[in-house]
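The values are calculated or read from the model by the stated rules, or taken from the named source; none is laboratory data. Keep in mind the model is a prediction, meaning the values are calculated, not measured. Virtual Cβ from ideal backbone geometry, glycine too; neighbours counted across all protein chains shown. Just the protein is used for accessible areas: all its heavy atoms, side chains included, with ligands, DNA and RNA removed. Shrake-Rupley method; radii C 1.70, N 1.55, O 1.52, S 1.80 Å.
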Amino acid sequence: MHTSALVLFSGGQDSATCLALALERYPRVETLAFDYGQRHRVELQARIEVLAQLRARFPAWAPRLGADHVLDASVLGQVSDTALTRDTAIRMEAGGLPNTFVPGRNLLFLTLAAALAYRRGLEVLVTGVCETDFSGYPDCRDDTVKALQVALSLGMDRRLVIDTPLMWLDKAATWALAERLGGAELVDVIVEHTHTCYLGDRSHRHDWGWGCGSCPACELRARGWRRWKDGGP
């Protein structure tokens, strides 16, 4: 049985829910974020507040929550021209993907996470990627993650598990999962302190949290909130 995990924790709704689930499952949990020059880099501040809230409001989880890490992945901004790394309008591209797609982002994130987990003696990587409610990013798909798990385990010469607890959940089910894990208290932490908006907007407060309300990330979060509140999953 696995006893330790490294959670890829951006500070958003999905990764916060994954972190709560990991804290329920594993005695030792560490967190990891990436600074890649993202336009919504306010998430890097938001995640620190989420961690503080979890420690203060969930005493059963607090002893399990270990070191937090932030790695420099700014090379992504050098090799991509996207709406997440440039001040440009969000739109669909000719190939069918939104221009918020950062090529190779999750592949690089998981590879760096695997290297850190190797050094820290952590057994499981937990990531909030999902192909149910998502923007079509190919590096969020289950097949991609499974293939990467095999490659990383071979390359590290150590069995590595990549856990994707949200892979087959839509956003309504993700809200419901948060409530099951931590009740109204956890839902409140996610609403008030996580950040999802691609534009980095922390000036507009909605019932589902902070954000511009119109970017794809806000729309997914808001739609899931409404479905959950209307009796979704």
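Key figures
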item: Net dipole in debye of the range 115-207 [+1 Lys, Arg Cβ; -1 Asp, Glu Cβ; about Cα centre; nearest 20]; result: 420 debye
item: Cα gyration tensor shape of the range 179-233, rounded if a/c is under 1.5, else prolate or oblate by comparing a/b with b/c; result: oblate
item: Unit charges at the beta carbon, dipole of the range 98-233: most positive-side option, Trp228, Ala151, Val161; result: Ala151
item: The range 137-185 shape via C-alpha gyration tensor axes, a/c threshold 1.5; result: oblate
item: Heavy-atom SASA rank of Leu199, Leu177, Leu19 (probe 1.4 Å, accessible area, largest first); result: Leu199, Leu177, Leu19
item: Rounded to the nearest 10 Å², the accessible area of Arg205 at probe 1.4 Å; result: 110 Å²
item: Kirkwood Rh and Cα Rg combined as Rg/Rh, the range 126-233; result: 1.04
item: Two-decimal Rg to Rh for the range 1-78 - Kirkwood Rh, Cα set; result: 1.00
